[in-house]
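Contents: one structure, followed by commentary.
Please treat every number below as a calculation from the coordinates, not as lab data. Since the structure is predicted, the reported quantities are computational estimates derived from the model, not experimental observations. No Cβ is skipped: glycine too gets one built from the backbone with ideal geometry, and neighbour counts run over all protein chains shown.
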Amino acid sequence: MKKIVTVIKPFTLKQNVYVYEDNEVIDVTQIELSKLEDAITSKAEEYNIDDITLVGAKKFSAGIKNKIQNAEMAKYNCNKLNIEIRAN
């Protein structure tokens with residue numbers, strides 16, 4: 001199963017976006033925080049992934065989740081991504 005996991009650190013400029021397949025990291029990309037939602041959406045499309053986990057401060061991660069869902073709705077007119085938020 002493929003999945004995207006990002007540990008969000010609000011005071012760090014670059015964030016790591018991990019792509020997992022069968023519990024193995026197959027891709028790691030460092031992305032600027034301001035471009036995170038676009039990068040996650042692109043990685044999900046590139047690897048055909050529907051499951052995303054955002055790890056970090058709940059309110060901040062919820063804001064990122066909303067931006068991802070809004071971008072997805074604007075592009076595809078639907079939300080197919082399953083986005084889970086985990087506090088760290």
Whichever residue in the stretch 30-44 is surrounded by fewer than 13 Cβ atoms within 10 Å (Cβ to Cβ) and assigned to a helix (DSSP H, G or I) and, among such residues, is farthest from the chain's Cα centre (by Cα): Ser34
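Okay, residues lined up against (1) among the aromatic types (Phe, Trp, Tyr); (2) assigned to a strand (DSSP E or B); (3) touching a Lys or Arg at 6+ places or on another chain (Cβ under 8 Å):
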position: Thr6; (1), (2), (3): no, yes, no
position: Thr12; (1), (2), (3): no, no, no
position: Val28; (1), (2), (3): no, yes, no
position: Asn66; (1), (2), (3): no, no, no
position: Met73; (1), (2), (3): no, no, no
position: Asn79; (1), (2), (3): no, no, no
position: Ile83; (1), (2), (3): no, yes, yes
Close pairs from the stretch 31-42: first without any contact (Cβ under 8 Å) to a residue 40 or more places away in the chain and farther than 13 Å from Lys75 by Cβ, partner small (Gly, Ala, Ser) and assigned to a helix (DSSP H, G or I), Cβ under 7 Å, at least 6 apart: Ile31/Ala39
